Amino acid sequence: MSFKRLDPEDVSISAESVVAPLWSTDAIELTTFFTSSAQVASNTGNYYYTLYDQDINTVQFSTTAVAQFSVGFGDKTGKGEAPYNTNVSGKSPTSTLYGQYRNLVFGDEDTDFTFGTVASDYFYFINIERGRYKEKLFPGTFELKLVNGAKTLHLTDNSNDITTVSYVDAGRVYEIVSGSAGSAYSGTGYTTSNGSYGKFLPDVGVIILNGKALDDATEGLNLATSTGITGTENNSGKIYDAIKAGASFELQSEETISSNYVFVRVRNSEFNYSTNPSNITSSGELRHDVMINTPQAYITTVGLYNDNNDLLGVAKLSRPLLKDFTKEALIRIKLDY
């Protein structure tokens, strides 16, 4: 084994963005949506519906269906779901969800959701399953078709229409508008009186849909969100039905891969003698005379060590590299993280 200290110019760092399909089976567009009847009927069904790519309720797909995202409804005042305690008003699963997403997005308990310039006390949410994306969602690839009866909406983020990106506690935030491929169809893509259609938060995999905008009878879907407190409002079911009827949800993930390139320079005078003990006789002489004046060695492995001689990484060559006094080599090692 031979050692050589690397110089600063032997190490180079680069980063590149890798975009990949988001949904199962490497699909960019998801066209079928199913809920689990067991999950909907359970206590968690009061909070959200988990959507799958296949009908998990059937024997055929019960073991192959994969969760893609969850949908639900949040209300600041607790409307839209039965309260935890009838003696305590305003506290229900919807108020819990509103507070949860408010803390996630803004990092405090005082900031309310504003879509464009219009505040709203309630919203629908889409929470992408964490296993579906590695680092973040890719702005400009979000396209969602929602249908309710004769009403249809095509939604996207406005990442291609803006020059300055806004940030909240959850990272980057874009407004959701009427349009496609990251651009509004016309103007800002907002509604006339209810602001934008929602917020797209790519760094946490969350999409917040403006309840007022979707409920609008003219520019929305006329969902007519029920704000009662009986527990039968089924607002999660309403947004699920609109997504299922639209049958088109496009989205991709994005990952920044940082790479360290280490260049190991093997000069003609270096690494020509083997350090294998079997090359030395019991008397300490070279076993083969040819190794005295014309030594040859084969490089097979490069180990990366720190100053404490701790082995940090091992690079294997695809085939042994012959080395003698007449040859030089440059070995490039790529470390991704």
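Details
- Sorting 56-64, 37-45, 231-239, 305-313 by their mean Cβ neighbour count within 10 Å, with the most densely packed peptide first, gives 231-239, 37-45, 56-64, 305-313.
- Rounded to the nearest whole Hz, the Karplus-based 3J(HN,Hα) values (6.51 cos²θ - 1.76 cosθ + 1.60, θ = phi - 60°) of the stretch 307-319 follow the sequence 5, 9, 6, 8, 6, 9, x, 10, 10, 9, 6, 5, 8, with x at glycine and proline.
- Angstrom value of the Kirkwood radius, inverse mean 1/r, which spans all Cα pairs in the stretch 1-75: 16.3 Å
- Additional length obtainable on full extension of the chain from LEU330 to ASP7, 0.36 nm per residue less Cα span: 114.9 nm
- Cα-based Rg of the stretch 159-201 normalised by 2.2 N^0.38 Å, two decimals: 1.13
- Note on the chain: with a GNM built from Cα contacts shorter than 10 Å, the maximum mean-square fluctuation among ILE207, ILE28, ILE162 falls on ILE162.
- Angle between the chain longest axis and helix 235-246 axis [Cα atoms, degrees, rounded to 10]: 70 degrees
- Springs between Cα atoms under 10 Å define the GNM used for the chain, and in it the highest mean-square fluctuation of PHE125, PHE263, PHE138 occurs at PHE263.
- In straight-distance terms, cross-link reach from LYS323 covers every one of the aspartates and glutamates whose alpha-carbon lies under 14 Å from its own, apart from those fewer than eight places away in the same chain; here that gives GLU270.
- Entries in LYS136/LYS244; LYS151/LYS212; LYS91/LYS238 that, when Cα-Cα distance is taken, lie over 18 Å: LYS136/LYS244; LYS91/LYS238
- For the stretch 226-270, a/c is not less than 1.5, where a ≥ b ≥ c are the root eigenvalues of the C-alpha gyration tensor, and a/b tops b/c. That puts it in the prolate class.
- Phi-based couplings in Hz for the stretch 40-50 (Karplus 6.51, -1.76, 1.60; Gly and Pro marked x): 5, 7, 7, 5, 5, x, 6, 9, 7, 10, 8
- Long-range tail of P(r) for the stretch 103-162 (Cα pairs > 16 Å, %): 67 percent
- Spacing of the modelled spin labels on ALA20 and GLU109, each 7 Å from Cα toward Cβ, amounts to 3.9 nm.
- Under 21 Å from the Cα of LYS134 - lysines, other chains or at least 8 residues apart: LYS199, LYS334
- Extreme residue, positive dipole direction of the chain, given options SER159, THR294, ILE333 (C-beta unit charges): THR294
- Scanning residues 5 or more positions from GLY231 or on other chains, those with amide H under 5 Å from its amide H are GLU81, ALA82, with H placed 1.01 Å from N in the peptide plane.
- Inter-centroid distance (Cα atoms) of the stretch 86-117 relative to the stretch 199-228, Å: 15 Å
- Computed from phi, the 3J(HN,Hα) profile of the stretch 164-176 under the Karplus parametrisation 6.51, -1.76, 1.60 (θ = phi - 60°) reads 10, 8, 8, 10, 10, 4, 8, x, 5, 9, 10, 7, 8 Hz, with x in place of Gly and Pro.
- Here r is the Cβ-Cβ distance between THR163 and LEU322 and R0 is 56 Å; the resulting FRET efficiency, rounded to 0.05, is 0.50.
- Amide H to amide H distances under 5 Å link ARG172 with ASP203, where only residues 5 or more positions off or on other chains count and H is placed in the peptide plane.
- Largest GNM mean-square fluctuation among VAL266, VAL18, VAL168, using the chain with Cα springs under 10 Å: VAL266.
Quick note: the coordinates plus some simple rules give every number you see, no bench work behind them. Worth saying up front: this structure is predicted, and the values here are computed from it rather than measured. Here the Cβ is made from the backbone with ideal geometry for all residues, glycine too, and neighbour counts use every protein chain on show.
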